[in-house]
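These notes concern the structure reproduced below.
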Amino acid sequence: MKRHRIAAIPGDGIGKEVVPAGVRVLEALAARDGFALDVTSFDWGSDYYKRHGRMMPEDGLAQLKPFDAILFGAVGMPDVPDHVTLWGLRLAICQPFDQYANVRPTRILPGISSPLAGVTAKDLDWIIVRENSEGEYAGQGGRSHRGLPEEVATETSIFTRAGVARIMRFAFALARSRPRRKLTVVTKSNAQRHGMVLWDEIAAETARDFPDVAWEKELVDAMTVRMVRRPASLDTVVATNLHADILSDLAAALAGSIGIAPTANLNPERKFPSMFEPIHGSAFDIMGKGIANPVGTFWSAVMMLEHLGEPAAAARLMAAVERVTADRRFHTADLGGTADTRKVTDAVVEAVRAGNA
């Protein structure tokens, strides 16, 4: 029997509700499809920080390295500064494990409506590829003359040829694998004339190795308009760490809710475990109420199963999710319904076990 070791890190906020839901669904799927999951949960996050002065233990990466994949919830709490939580846990895993390809699929699932009038599933089916290791989130910069009128804070974006080239090749290859074979490269090279121009140049160089992929450039501000006005004109998108972070949140909203949106933080070379997470964040306003939408976690689990070499199980879980979203009885508040986390999870588990998903 094939066995997969999974590290579960619920983290903060609604992560503590949706990750256990995701584990429950995965265990039901494993029991049906004949593989085993060894799941180990880690209590790292803001509560851990309050007890120990750090978001995870000093040897946290060493503890995670033997695992096949990581299922992550959310990070951030109102009483701990956001830069402490993010850099102390999520980015403290992504960067050392070189999870440089952040993949965010977006499409309108059955039973869910886009806020865009007349837009249906055939019009909005995207994958946004986010460079996940450098750029605007490289962590370079500092502050001087703190508290004085002349205080200075710098945040330096770092774009390396190696970093841009590898994410560009990843994006072109992903675009090639999709039916439309189309890639949109998003920058802001009219105003940012060094790093963004490098992006444009490397995109053109990479395109020569993918003659079967139609590619184009788009400025990030124009891209927001295009996503709203002409969603059907897009397919695969690649952008910098910051730009793709923002665009993928907009994409999720246009597909119906940020609560359904998944993420894969991939180390494509598999030297380190990859990490899978919903993109919705901690959601302070609803945490602890049991009403969080677990679909983003389930879809992230689908991506994890694909990465682990379980395509049949991944397809079964995605079909179960779509069967449940198609029934409005299982819509949570973010989708205009009244279902709670447990009700949605129960329905997906039932769909998996029934074998007709």
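No lab work stands behind these numbers, since they all come straight from the coordinates. None of the values given here were measured: they were computed from a predicted structure. Cβ placement follows ideal geometry from the backbone for every residue including glycine, while neighbour counts extend to all protein chains displayed.
Principal axis extents of the Cα atoms in the chain, from largest to smallest and rounded to whole angstrom, are 57, 51, 41. The lysines within cross-link reach of residue 182, meaning a Cα-to-Cα straight distance under 27 Å and a gap of 8 or more places when in the same chain, are 122, 217. Both radii were evaluated on the Cα set of the range 114-255; the Rg over Rh quotient, with Rh as the Kirkwood radius, amounts to 1.04.
Treating only the Cβ of Lys, Arg, Asp and Glu as charged (+1, +1, -1, -1), what charge dipole size does the range 131-253 show about its Cα centre? Round to the nearest 20 debye. Could the numbers behind the result be given before it?
Details: 17 positive and 17 negative charges, 104 e Å.
Rounded to the nearest 20 debye, it is 500 debye.
Near residue 123: Cβ cut-off under 13 Å, other residues only, Lys/Arg at +1 and Asp/Glu at -1. The net charge is +4. A Förster radius of 22 Å, combined with the Cβ-Cβ distance separating residue 229 from residue 194, puts the computed FRET efficiency at roughly 0.15. In plain terms, the chain from residue 154 to residue 40 could stretch by 37.1 nm, reckoned as 0.36 nm per residue minus the Cα-Cα distance. Near residue 335: Cβ cut-off under 13 Å, other residues only, Lys/Arg at +1 and Asp/Glu at -1. The net charge is 0. The convex hull around the C-alpha trace of the range 1-86, projected and averaged over every direction, spans 5.7 square nanometres. Maximal additional length on extending the residue 205-residue 87 stretch stands at 39.2 nm, based on 0.36 nm per residue less the C-alpha distance.
Taken along the Cα-to-beta-carbon direction at a fixed 7 Å, the label points for residue 312 and residue 51 span 4.1 nm. Extension gain for residue 353 to residue 2 (0.36 nm times residue separation, less C-alpha to C-alpha distance): 124.4 nm. With θ taken as phi - 60° and the Karplus curve 6.51 cos²θ - 1.76 cosθ + 1.60 applied, the whole-hertz 3J(HN,Hα) list for the range 89-101 is 9, 4, 5, 5, 9, 4, 6, x, 8, 6, 7, 7, 10 Hz, x standing for glycine and proline.
Candidate cross-link partners of residue 289 among the lysines, defined by an alpha-carbon separation under 29 Å and a same-chain spacing of 8 or more, comprise 16, 50, 343. The modelled label-to-label distance for the pair residue 253/residue 121, using points 7 Å beyond Cα in the direction of Cβ, is 2.5 nm. Distance between the modelled labels on residue 59 and residue 145, one decimal in nanometres: 4.6 nm (7 Å Cα→Cβ projection).
Helical content of the chain, expressed as a calculated mean residue ellipticity at 222 nm, amounts to -11500 deg cm²/dmol (DSSP H runs of 4 or more residues, -39,500 (n - 2.57) each, divided by residue number, nearest 500). Which of 179, 197, 241 sits closest to the plus end of the dipole of the range 134-243, meaning its Cα is farthest towards the positive end, when Lys and Arg get +1 and Asp and Glu get -1 on the C-beta? Of the listed residues, the answer is 179. Counting only DSSP beta bridges with both residues in the range 114-255, the antiparallel share comes to about 30 percent. For a paramagnetic label modelled on residue 79 (point 7 Å from Cα along Cα→Cβ), amide N atoms under 13 Å away belong, within the range 41-66, to 46-51.
Electrostatic bookkeeping for residue 234 treats Lys and Arg as +1 and Asp and Glu as -1; over the other residues with beta carbon under 12 Å from its beta carbon, the sum is +2.
Based on DSSP, what percent of beta bridges with both residues in the chain are antiparallel, to the nearest 5? Can you show the working numbers first?
Working: 21 of 49 bridges.
Roughly 45 percent of the beta bridges in the chain run antiparallel, per DSSP.
The region of the chain that goes longest without hitting one of the trypsin sites (Lys or Arg not before Pro) in a DSSP loop, each with at most 12 other Cβ atoms within 10 Å, is 1-121.
Compute the orientation-averaged projected area for the range 210-357 from the convex hull of its Cα atoms and round it to one decimal in nm².
11.2 nm²
Residue exposure proxy: 52, 243, 4, ordered by other Cβ atoms within 10 angstrom of their Cβ from fewest to most, comes out as 52, 4, 243.
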